[in-house]
Amino acid sequence: MRHLTDFDLALLHQVVAVGGIFGRDDLLAIRATGPDHLKFLHNMLTQDVKGAAVLEARQTCLCDAQGAIVAVAEQLKLDDAVVLWTQRNAAQTLHDSLDRYIIMDDVALQLDED
């Protein structure tokens with residue numbers, strides 16, 4: 001899995017500050033929505049999802065029960081959703097790993113090409 005370079009992170013933070021993410025064919029988004037999406041992701045990811053400001057981007061990881069990294073993503077909090085940008089080849093694994101633990105929470109995950 002390719003990790004984001006310091007240049008990628010700086011560019012991502014600049015782009016988010018002025019309006020959006022574009023031009024990265026190697027990334028795919030997973031959009032989390034629903035009444036429980038913040039609580040669910042806060043419990044699943046290494047970053048503070050609840051405490052993030054709207055439009056704040058943070059690098060986050062999903063780890064397995066032994067603490068090994070399953071996926072690395074950029075977490076972007078929106079008003080009504082959280083978007084996880086990850087490498088295209090890791091997106092399905094991240095989606096499926098999160099989806100496996102949605103049991104009682106009202107959360108919807110969607111792979112988002114846009």
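The values are calculated or read from the model by the stated rules, or taken from the named source; none is laboratory data. Fair warning: this is a prediction, and the values are worked out from it, not measured in the lab. Note that each Cβ is placed from the backbone with ideal geometry, even for glycine, and that neighbours are counted across all protein chains shown. With ligands, DNA and RNA removed, areas are computed over all heavy atoms of the protein, side chains included. Shrake-Rupley method; radii C 1.70, N 1.55, O 1.52, S 1.80 Å.
According to the square roots a ≥ b ≥ c of the eigenvalues of the Cα gyration tensor, what is the shape class of segment 20-90, taking rounded for a/c under 1.5, prolate for a/b larger than b/c otherwise, and oblate for the remainder?
Numbers: a/c = 1.77, a/b = 1.02, b/c = 1.74.
Since a/c reaches 1.5 but b/c is at least a/b, the shape of segment 20-90 is classed as oblate.
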Notebook entry, point to check: What FRET efficiency do you get for Arg100 and Ala53 if R0 is 25 Å and r is their Cβ-Cβ distance, rounded to the nearest 0.05?
Noted result: 0.30
Margin query: List the residues, sorted by chain then number, that are 5 or more residues from Ala71 or on another chain and whose placed amide H is less than 5 Å from its amide H.
Written below: Leu62
Item checked: Packing-based order for 99-107, 66-74, using average beta carbon neighbours within 10 Å, highest first -> 66-74, 99-107
Checklist line | Surface accessible to a 1.4 Å probe, Lys39 within the full protein complex, Å² | finding: 90 Å²
Notebook entry, point to check: How big, on average over all directions, is the shadow cast by the Cα convex hull of segment 55-114, in nm²?
Noted result: 4.7 nm²
Note to self: I want to check the label-to-label distance for Asp80 and Asn43. Put each point 7 Å from Cα in the C-beta direction and report it in nm to one decimal.
What the structure shows: 2.4 nm
